[in-house]
1. Would you point out which residue out of V424, V408, V401, V418 is touching an Asp or Glu at 6+ places or on another chain (Cβ under 9 Å) and open to solvent by less than 50 Å² (accessible area, probe 1.4 Å)?
2. Given the condition closer than 28 Å to R536 by Cβ and assigned to a strand (DSSP E or B), answer yes or no: does some residue in segment 442-463 qualify?
3. Looking only at segment 134-148, which residues are open to solvent by less than 10 Å² (accessible area, probe 1.4 Å), in a strand (DSSP E or B) and more than 20 Å from Y402 (Cβ to Cβ)?
4. In segment 325-348, how many residues are of a type in the set (S, T, Y) and either at pLDDT 85 or above or surrounded by 24 or more Cβ atoms within 10 Å (Cβ to Cβ) (or both)?
5. Taking L171, is it touching a strand residue (DSSP E or B) at 6+ places or on another chain (Cβ under 8 Å), surrounded by fewer than 22 Cβ atoms within 10 Å (Cβ to Cβ) and over 21 Å from A242 (Cα atoms)?
6. May I ask you to say which residue of S329, S374, S354 is hydroxyl-bearing (S, T, Y) and under 30 Å from R67 (Cβ atoms)?
7. Need a quick list: helices (runs of 4 or more DSSP H) entirely within segment 481-557 having at least 1 residues that are free of Cβ contacts under 8 Å to residues at least 40 places away in the same chain and small (G, A, S).
8. From the set of residues in segment 372-390 that are in contact (Cβ under 8 Å) with a residue 40 or more places away in the chain and small (G, A, S), which is farthest from D344 (Cα to Cα)?
Amino acid sequence: MPPPPPQGAMATGAAILTVPCSAGRPKRRDQRRGSAALSVRASADANTVTLLDYGAGNVRSVRNAIRHLGFGIRDVRSPEDILAADRLVFPGVGAFGSAMDVLNSTGMADALREYIRRDRPFLGICLGLQLLFDSSEENGPVSGLGVIPGVVRRFDSSKGLVVPHIGWNALEITKDTQLLQEVDGHHVYFVHSYHALPMLIETGFHQFAIMGEASYHPSPWATFRQFNFTQKRVEVPAHRKASKLAKRVIACLDVRSNDNGDLVVTKGDQYDVRDHSSSKEVRNLGKPVDLASQYYIDGADEVSFLNITGFRDFPLGDLPMLEVLRCASEKVFVPLTVGGGIRDFTDANGRYYSSLEVASEYFRSGADKISIGSDAVFAAEAFLQTGVKTGKSSLEQISRVYGNQAVVVSIDPRRVYVKSPEDVPFKTVKVSSKGPSGEEYAWYQCTVSGGRDSRPIGAYELAKAVEELGLYNHYIVTSSLAGQGCGFDIDLVKMVSDAVTIPVIASSGAGTVEHFSEVFEKTNASAALAAGIFHRKEVPILSVKEHLIDAGVEVRV
C-alpha cells in the first residue's frame with residue numbers, strides 16, 4: 001500500500017467535476033432526453049465502486065486511488081452494469097467526439113442518462129463530467145448526453161491565456177459541499193483546454209447554476225473519501241493557502257537498459273551515459289520506480305520518464321517501459337509523462353505498430369501525457385512546406401483520440417551563432433553571452449534521433465507550427481547544456497514562451513536552486529525540469545520549493 005499522499009496530491013488525469021443538483025425536474029427540459037435533475041446521495045453500506053472505463057486512456061491512477069481507500073472495483077462490461085451500479089465513477093479520458101462515439105455505439109449513452117435520472121451517486125471525472133452537457137466545441141460541435149443544459153467551449157487564448165490550462169492552481173469553492181471539504185485552499189491539478197458553461201436552470205424549488213466555469217482535478221484521496229460520505233468533517237493540517245497557478249517543478253528520469261539488461265535511471269553528458277572509468281558501464285543512478293516514488297514523496301509536481309533504451313525488437317506489449325509505468329502509477333500520484341520511441345515501428349516479428357498504438361499502450365499502462373520529439377519535427381516541416389493539416393501526423397492522430405492536452409512536444413535544439421539576423425531565414429535572438437567569435441545573435445536549430453541529426457528548422461518555427469497543428473505542451477530540451485549545471489538557456493526559453501500561448505517547460509542545465517527562480521522570473525515558463533541534480537542528491541526538490549517560496553514564486557507545497 002503506498003504511503004498517504006501529501007496535501008494537494010492527486011491522481012493523474014485531467015479535470016474532476018461532480019454534479020450535485022436539485023432533485024426537482026427543470027421546467028424547461030421536460031421534453032429532453034432523460035432528466036437534468038442530479039444528486040449525489042449517501043450509499044454508506046456499499047463497498048464496491050462501479051467504474052466506467054471505455055478504453056480511451058489512462059484510468060489506472062483512478063483505480064489505484066479507489067483501491068487505496070479500501071473499495072473494490074466492478075468494471076462496466078455492458079449497459080446493464082451501469083444500471084445495476086450502487087455508485088458510479090466515470091473517469092473520462094480523451095476527446096469528446098471519440099468518447100461519444102463509443103458511448104452511443106455500445107448503448108452506454110442511454111444507460112448513463114437513465115442511471116442519472118434514477119438519482120444515484122455519480123462522480124464524473126474530466127470528460128466524464130463534460131459529456132453530460134448538451135454539446136462540445138472540441139472537434140465539433142459534437143452532441144453530448146444532454147443531461148445538463150449548456151456547452152463545453154475552448155478557452156480563449158487571444159488575450160494571452162495559456163491553453164491548455166495545465167498545472168497546480170488555486171481552487172475557490174463558492175458553495176460549501178461535503179465532497180470538497182478537504183481541498184479548499186489547496187492547490188489542485190488542472191489539465192484541460194475546454195471548460196463547461198452551464199445554463200441557469202429553473203427547478204420547482206429554486207434556481208441554480210451547475211458548477212460554474214471550469215472543470216478541475218482535486219486530490220482523489222479527499223474526493224473519493226468524501227464519495228464514501230463519511231458524515232464527520234475531517235480535520236486537515238494547516239497549510240500555505242493556494243492563491244494562483246503554481247509554477248511546477250518536474251523530475252525527469254532517463255531510463256535505459258544497462259549491460260546486464262536491467263532498466264536503470266542514468267544520466268549523461270550530452271547523451272554519453274557511460275562512466276569514464278575503465279569499466280565504461282552505463283551510469284546507474286537507481287531503479288526507475290523507486291526514484292519516481294521518492295520524488296513524489298519529496299514534492300515533485302510531475303514525473304517524466306524518457307525512454308532512451310533500444311526497443312524496436314520488442315513486441316509492443318512486452319516493452320519494458322510499460323511495466324515501469326504500471327508499477328510507478330501505483331505509487332506516484334502526480335502526473336506521469338513518458339517519451340521516447342513514440343513513432344511508427346515494426347518489431348522483430350514483422351508486426352507493424354502505428355504511433356497511436358504505441359501511445360495507447362503507454363496511456364493504458366499509467367502515462368498521463370506522452371512526449372514526441374523527432375516526429376514533431378517532421379510534422380512541423382511538412383506543415384510549413386504545404387500549409388496543410390493532413391491529420392495523419394502522430395501529433396494529430398494522438399490528440400484527436402486522447403485530447404491535445406495529452407501530447408507534449410519535445411524540442412531538442414542546438415544554438416547556432418550568427419553575426420546578423422539577416423544571415424539565416426530563421427528566428428534569431430540577441431544572446432545574453434556572445435559566441436566564440438563575438439557573435440551577438442543565434443538561432444536554435446532543431447535536431448532529431450536523440451540530437452544526432454540536425455534539421456533545417458528552428459525551435460521558434462517548430463513551436464509556431466505545432467501550435468497551428470493543435471494546442472500542445474512544449475518541453476524544452478537543450479542538449480548542449482545537459483549535465484553542465486550552468487543554468488537553463490534563458491534566451492531559448494524566453495523566445496519560445498513569448499511566441500506561443502501554450503505551456504512551456506524549461507529543461508536542462510539546472511545546477512542550483514537559483515536557476516529555478518531565474519527561469520521563472522525572466523521567462524513565461526510554466527514549469528522547470530531537472531534530472532541529474534535530483535538523482536545525485538545535489539539539490540533536493542524540497543530545497544527548490546523553499547527557495548522559490550522565499551523568492552515570491554507560487555509553488556505547491
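The values are calculated or read from the model by the stated rules, or taken from the named source; none is laboratory data. This one's a predicted model, so the numbers in the text were calculated from it and none came from an experiment. Note that each Cβ is placed from the backbone with ideal geometry, even for glycine, and that neighbours are counted across all protein chains shown. Heads up: the accessible areas ignore ligands, DNA and RNA and are worked out on the full protein's heavy atoms, side chains in. Shrake-Rupley method; radii C 1.70, N 1.55, O 1.52, S 1.80 Å.
1. V418
2. Yes, the conditions are met somewhere in segment 442-463.
3. I148
4. Residues flagged as of a type in the set (S, T, Y) and either at pLDDT 85 or above or surrounded by 24 or more Cβ atoms within 10 Å (Cβ to Cβ) (or both) within segment 325-348 amount to 2.
5. no
6. S329
7. The helices (runs of 4 or more DSSP H) meeting that bar are 490-499, 513-522, 541-550.
8. A380
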